[in-house]
Amino acid sequence: MKGGVVEGGVVEAPGVAEAAPVKTVPRRRSLRLGWGRLAALGFVVLCLLVTVLVPFLPVADPSRQDVARTLADISGDHWLGTDQLGRDLFSRLLWGVHTSMLAALTAIGVAAAVGVPTGLLAGYRGGWIDGITGRIADVVLTVPALILLLTVQAALRTGITGQMVTLGVIFAPRIYRVVRAETMRLAVSPFVTAGRMSGCSHTRIVWRYLLPGVRDQVAVQISYLLGLALVVEAGISFLGVGVQPPGASLGTLLTGASAMLASEPRVVLVPAVVITVLILCLNLLGDVEDKEERHG
């Protein structure tokens, strides 16, 4: 280059004593959502709002029984009717979403808190750190999640919170592997090389250059794993080892009403439809982000 030299991402201009790092960061890709995916995003946001706001909403006590109004039809007092014990189904549905979403978010929070830092560290530093964390991730991935959850519950009686923390540890290697692979690719990129040559600390390189580059991949994993965590919570609650009655979760709503599918399908189908649509919406959002990564 006439009048300057480009080497390792650094531009040297005549008359300039020190090299200036190239101001290059990973390009942020725009995310285009169609109407279907916008609807999916809206439903997920609605469920998140319910999770946050339901303790403050003027809804009926989800555990209060009224044996005189068992299996009541939809009315102004009971927007979705009542269940087999006379409990307000609409209130129990809202609290079920609240409990299940909190449980799933707990698992995802633990998975991200463990998987993202270890993946960044292993991918950036490599060596023995990469070897040890990789072996641990391989061991955790070989253990069936449901068996481990049931074992932990039988041994420690941790309740739903402890089970979701355990599930988060089980999910962490999935996030770790994605973050590690992307970090290894970014670590040799020109903008990271420029950061090193300009004297940036390792912490600043990770925070300024690497973390923004893995955010999209982490978002995809979180979307998929959140749906999977909802399935696991519903499954263990359906088996009677998750949320315990009279607590309401999407799993316990299915458990208590499963025998009434033929006689009163409304009691079963309402929570079943909600959890099915929520999981489909999460997978749809994760899929559009994944496609954007591949084709962006």
Given q = 0.24, 0.26, 0.28 Å⁻¹, what are the Debye log10 I(q)/I(0) values for region 201-273, with equal point scatterers placed on the Cα positions and solvent ignored?
-1.01, -1.08, -1.14
Any idea what Rg and Dmax come out to for region 56-117 if you just take the C-alpha atoms, in Å?
16.4, 55
Convex hull volume of the Cα atoms in region 24-178, per residue, in Å³?
181
To the nearest 0.05, how large is the calculated FRET efficiency for Gln84 and Arg208 if R₀ is 45 Å and r is the Cβ-Cβ distance?
0.20
Which distance in Å, rounded to a whole number, links the C-alpha centroids of region 211-234 and region 139-179?
15
Multiply the residue gap between Thr158 and Arg266 by 0.36 nm, knock off their C-alpha separation, and tell me the result in nm, one decimal place.
35.6 nm
Using θ = phi - 60° and the Karplus form 6.51 cos²θ - 1.76 cosθ + 1.60, what ³J(HN,Hα) does each residue of region 126-137 get, whole Hz, x for Gly and Pro?
x, x, 5, 5, 4, x, 5, 5, x, 5, 4, 4
A chain fully extended from Ala259 to Arg185 at 0.36 nm per residue, minus the present Cα-Cα distance, gains in nm 21.4 nm
Which three semi-axes in whole Å describe the equivalent ellipsoid of region 101-159, each the square root of 5 times a Cα gyration tensor eigenvalue, listed largest first?
26, 16, 8
Below 8 Å, C-alpha to C-alpha, sequence gap of six or more: please give me the relative contact order for region 88-208 in percent.
39
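Bear in mind these aren't lab numbers, they're just calculated from the coordinates by the rules spelled out. The structure displayed is predicted, hence computed values, not measured ones. All Cβ positions, glycine included, derive from the backbone under ideal geometry; neighbour counts span all protein chains shown.
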